[in-house]
Amino acid sequence: MWLSDLQIVLPDRVLANGAICIDGCRIVDIRHKPVRNADVHAPGLTALPGLIDLHGDMLEREISPRPKAAIPIDLALHELDKRLVATGITTAYAAVSFAWHRSDSIRSEERAREIMLTVNQLRPHLLADHLVHARFEITNPDAGKVLTELLNDRQVHLVSIMDHTPGQGQYRDIEAYIKFAVEWSKRTGEAYGKSEDEVRAQVAERQSWPKGWDVVREVAQIAQTYGVPLASHDDDTVEKVDWVHEIGVNISEFPVTEEAAAEARRRGLHVAMGAPNALQGRSLSGNLSAAAAVASGLVDTLATDYYPASMLHAMHAFVERGILPLHEAVKLVSENPADALGLHDRGQLAVGKKADIVLVDLH
């Protein structure tokens, strides 16, 4: 099958008007000129490698769009799948959390296990390739046993180590966190309590929760045994980056300071930041700007975080602003995340790679 008369983004350059030949599920030829009698003529469109999202929070919100609402997991996943493909995402890691101690939470251990098993069960039947990103909150060390079982059963494809304790990481500024929590509670009725006094009491309680660093080491060792990539979330200091590098982390996910991002790059870690942050030019938490970090060469990967369309639009914004040429901007959402995740069969338009192709009207 030939696709012809289109702009093609290769790893090292852009072909102005070429053609791609697909045989089965692989790319078998790329021509610098159009071919006659092609199966698909696509003048005005640009061929990109399918976008790869290593961190998307959307599935939990799709399952529980409002407090007390409960959409069946399989229905929620199928509907999210359509929207992801429509934004160019062909490989999606569903971020699933072992975070809260409440049994009725979308992020309870029982619910998290159910979501992960459903993703893997439906994976062959979905449009995009959906994998599981297990978010391991270190203040919930009891989840380590569940996560270990899921790793042993090959149900997890990426593990991130998270600490959302107020006073460090993403929530270094406690007053800013309290303001955010109150606003979020008023809007959604979820999680944090509704008054400032209630939030302050919860902050004090959360700061007293023990942190399971020994469990973190055990989970990291098991993940490495199975070749599952490890990420560290919201790195804020050089010391934290050095420690997570020591236990085998290869992705610094959403670092909150320039110093942490720079240390991660020095250590050879992939640095991933949120595409919504990059698109808006600022962090909603007042932390490191992804756009500034990309321009400084500190970031090599973008992730959807909470807004699927942001990856394609943030990539294009870097081109429009003259920060990166098109073929380098595309790497932020394709080749680089593929490398970070060990997905060597995709991420580039190249002979031998999967025919994982997105056609985009860049205008």
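Just name the residue that is surrounded by the most Cβ atoms within 10 Å (Cβ to Cβ) out of those in the stretch 118-153 that are of a type in the set (S, T, N, Q) and outside any helix (DSSP H, G or I).
Applying the filter and picking the extreme gives ASN140.
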(request) List every residue pair whose Cβ atoms sit under 6 Å apart, with the two residues 6 or more apart in sequence or on different chains, where the first one lies in the stretch 295-309 and is touching a residue at least 24 places away in the same chain (Cβ under 8 Å) and in a strand (DSSP E or B) and the second, anywhere, is acidic (Asp, Glu) and surrounded by fewer than 23 Cβ atoms within 10 Å (Cβ to Cβ). (result) none
(message) Just the residues that are more than 12 Å from LEU147 (Cα to Cα) and buried (at least 17 other Cβ atoms within 10 Å of the Cβ), please, taken from the stretch 214-243.
(response) VAL228, PRO229, LEU230, ALA231, SER232, HIS233, ASP234, ASP235, ASP236, THR237, LYS240, VAL241
(message) So ARG13 passes all but one of these: (1) closer than 30 Å to ASP305 by Cα; (2) surrounded by 17 or more Cβ atoms within 10 Å (Cβ to Cβ). Which condition number does it fail?
(response) (2)
(request) Residues being closer than 13 Å to ASN120 by Cα and open to solvent by 30 Å² or more (accessible area, probe 1.4 Å): count how many of those fall in the stretch 76-94. (result) 1
(request) Tell me which of these GLY286 doesn't satisfy, since it passes every other one: (1) of a type outside the set (Phe, Trp, Tyr); (2) farther than 27 Å from ARG217 by Cα; (3) open to solvent by less than 10 Å² (accessible area, probe 1.4 Å). (result) (3)
(message) Considering only residues that are at negative phi and open to solvent by 10 Å² or more (accessible area, probe 1.4 Å), which ones fall in the stretch 300-315?
(response) ASP300, TYR306, TYR307, PRO308, ALA309, LEU312, HIS313
(request) Considering only the stretch 27-75, state which residues are under 22 Å from LEU362 (Cβ atoms), open to solvent by 40 Å² or more (accessible area, probe 1.4 Å) and not in a strand (DSSP E or B). (result) HIS32, LYS33, PRO34, PRO43, GLY44, LEU45
(request) Filter the stretch 316-363 for residues that are closer than 22 Å to ILE251 by Cβ, assigned to a loop (DSSP other than H, G, I, E, B), open to solvent by less than 50 Å² (accessible area, probe 1.4 Å) and out of contact with any Cys (no Cβ under 9 Å at 6 or more places or on another chain) and give the result. (result) LEU324, LEU332, VAL333, SER334, GLY342, LEU343, ASP345, ARG346, GLY347, GLN348, LYS353
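The values are calculated or read from the model by the stated rules, or taken from the named source; none is laboratory data. Keep in mind that what you see is a predicted model, and the values were worked out from it rather than measured. Ideal geometry is used to build each Cβ from the backbone, glycine not excepted, and the neighbour counts take in all protein chains shown. Accessible surface is based on the protein model in full, side chains and every heavy atom, while ligands, DNA and RNA are left aside. Shrake-Rupley method; radii C 1.70, N 1.55, O 1.52, S 1.80 Å.
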